[in-house]
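Data block below; observations after.
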Amino acid sequence: MTQHDPMVRMRHMLDHAKEAVELLAGRGKADLKGNRVLELALVRLVEIVGEAAARMPVEEQSRYPLIPWKEIVGMRKLVGSRL
């Protein structure tokens, strides 16, 4: 498998999304606002997930219609603009 393999991209999405959830475990919005390193880490993780989703071939996206592809791709721009 190469990094261009759709399943590698899917794995990147899953792994980085899980890592973001783990970083936020037990934390609230105030924790995020008060911790610049945490904020930057989460932004980067969301960007990685969005980039992997953007590079997923349309044929593969259609195999997983319950995944909100456009919203995931759009999140990378949204979080980056909030910095």
task = Could you point to the residue in Ala41, Trp69, Ala52 farthest towards the positive end of the chain's charge dipole, with +1 and -1 charges on the Cβ of Lys/Arg and Asp/Glu respectively?
result = Ala41
task = For Lys18, list the aspartates and glutamates whose Cα falls under 19 Å from its own Cα; do not include residues on the same chain fewer than 8 positions away.
result = Asp31, Glu39, Glu47, Glu51, Glu71
note = Eigenvalues of the alpha-carbon gyration tensor of segment 6-81, times 5 and square-rooted, give semi-axes in Å, largest first, of 25, 12, 10
inquiry  = Nearest 10 degrees is fine. How inclined is helix 6-24 to the longest principal axis of the chain, computing both from alpha carbons?
reply    = 20
query = Do the sum for the chain: with -39,500 (n - 2.57) for every DSSP H run of n ≥ 4, divided by all residues, what is the mean residue ellipticity at 222 nm, to the nearest 500 deg cm²/dmol?
reply = -23500 deg cm²/dmol
Helix 69-81 vs. the chain, principal-axis angle (Cα, 0 to 90°, nearest 10) = 30
note = Across Ala17, Ala52, Ala30, the residue with the highest GNM fluctuation in the chain (Cα network, 10 Å cutoff) is Ala30
ask   = What length, rounded to one decimal in nm, is gained on full extension from Leu78 through to Lys18, with 0.36 nm per residue of separation minus their alpha-carbon distance?
value = 19.7 nm
request  = Calculate how steeply helix 36-54 sits against the longest principal axis of the alpha-carbon atoms of the chain, using the helix alpha-carbon long axis, and give the answer as 0 to 90 degrees to the nearest 10.
outcome  = 10
ask   = What is the dipole size for segment 6-81, taken about its Cα centre, with +1 at each Lys and Arg Cβ and -1 at each Asp and Glu Cβ, in debye to the nearest 20?
value = 160
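Values quoted throughout were computed directly from the atomic coordinates according to the rules given, and no laboratory measurement underlies them. It should be emphasised that the depicted structure is a prediction, and the values quoted were computed from it without experimental measurement. Quick reminder, even Gly has a Cβ in these numbers, built from the backbone with ideal geometry, and neighbours come from all protein chains shown.
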